[in-house]
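Some notes on the structure that comes next.
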Amino acid sequence: ILAHKMKVPILPIAVSGTVWRDVCPSYGTCSGALPAGCQCLEGAIAGDGVRQAGEAGIPDVPVHVGQGQCPAASYLPQYNAVTDAGGTFSQTLPPGIYCLWVIESEPFNDALEKPGWWTRPVAMDIPFGYTVTLVEGAEQTGIDFAWQVAPPGSVQGGIGGILWSDLDADGELDASES
């Protein structure tokens, strides 16, 4: 009797999700009852991180994949995905533990209107992204990212200072200098 070792193929597992624009009809600080579709996030009213009817998917957003728990120990660019016209992405991966994330600050990530912030997963929850454990024969769905665009005028910045002729070259504004 001959014993044969048979190599059983490892089946890839599908992982999928959506990147969408989260909308809250109100802005400001949290006080009292919140409107439907909103949550209190770091003391401010924000989208609730749950996709509602009318919240559009965001196309052309790169979704990154790394090996291990978030933050990923190693980056696996061969498994990256990009959202389709409806904001949905899908990728097949071998069984294992992975981190999936989106980097809004990437220069080529123009699909996200800025400024804005994540409402799902909440970016303040570090590490940001999803750690998923993929087992053979199972599918992982619901890897969702909700992006809220900052309301007009809510994010302001400026540069200020004083310009003067530093007559004595000491780097300090003296009463005699203007």
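Within the range 38-52, the set of residues being among the charged types (D, E, K, R) and either surrounded by 14 or more Cβ atoms within 10 Å (Cβ to Cβ) or without any contact (Cβ under 8 Å) to a residue 60 or more places away in the chain (or both) comprises ASP48, ARG51. In the range 15-33, the qualifying residues are those that are of a type outside the set (S, T, N, Q), over 22 Å from PRO115 (Cβ atoms) and in a loop (DSSP other than H, G, I, E, B), and the one that is modelled with the lowest pLDDT is GLY32. ALA46 fulfils the conditions (1) assigned to a loop (DSSP other than H, G, I, E, B); (2) aliphatic (A, V, I, L, M); (3) more than 30 Å from LEU93 (Cβ to Cβ) except for a single criterion, (1).
The set of residues from the range 38-76 being of a type in the set (A, V, I, L, M, F, W, C), in contact with a strand residue (DSSP E or B) (Cβ under 6 Å, 6 or more places away or on another chain) and under 16 Å from PHE145 (Cα atoms) comprises CYS38, ALA46, ALA56, ILE58, VAL61, VAL63, VAL65, CYS70.
Out of ALA123, ALA169, one residue alone is exposed (fewer than 10 other Cβ atoms within 10 Å of the Cβ), aliphatic (A, V, I, L, M) and at pLDDT below 80. It is ALA169.
Residues being aromatic (Phe, Trp, Tyr) and in a loop (DSSP other than H, G, I, E, B) are entirely absent from the range 52-75. The single condition from (1) assigned to a loop (DSSP other than H, G, I, E, B); (2) at pLDDT 85 or above that LYS114 fails is (2).
For the range 76-91, a residue qualifies if it is loosely packed, with under 14 Cβ neighbours inside 10 Å and outside any loop (DSSP other than H, G, I, E, B), and the qualifying residues are PRO77, GLN78, VAL82.
The values are calculated or read from the model by the stated rules, or taken from the named source; none is laboratory data. Please read these numbers as outputs of a predicted model, since none were measured by experiment. All Cβ positions, even for glycine, are placed from backbone atoms using ideal geometry, and neighbour counts span all protein chains on display.
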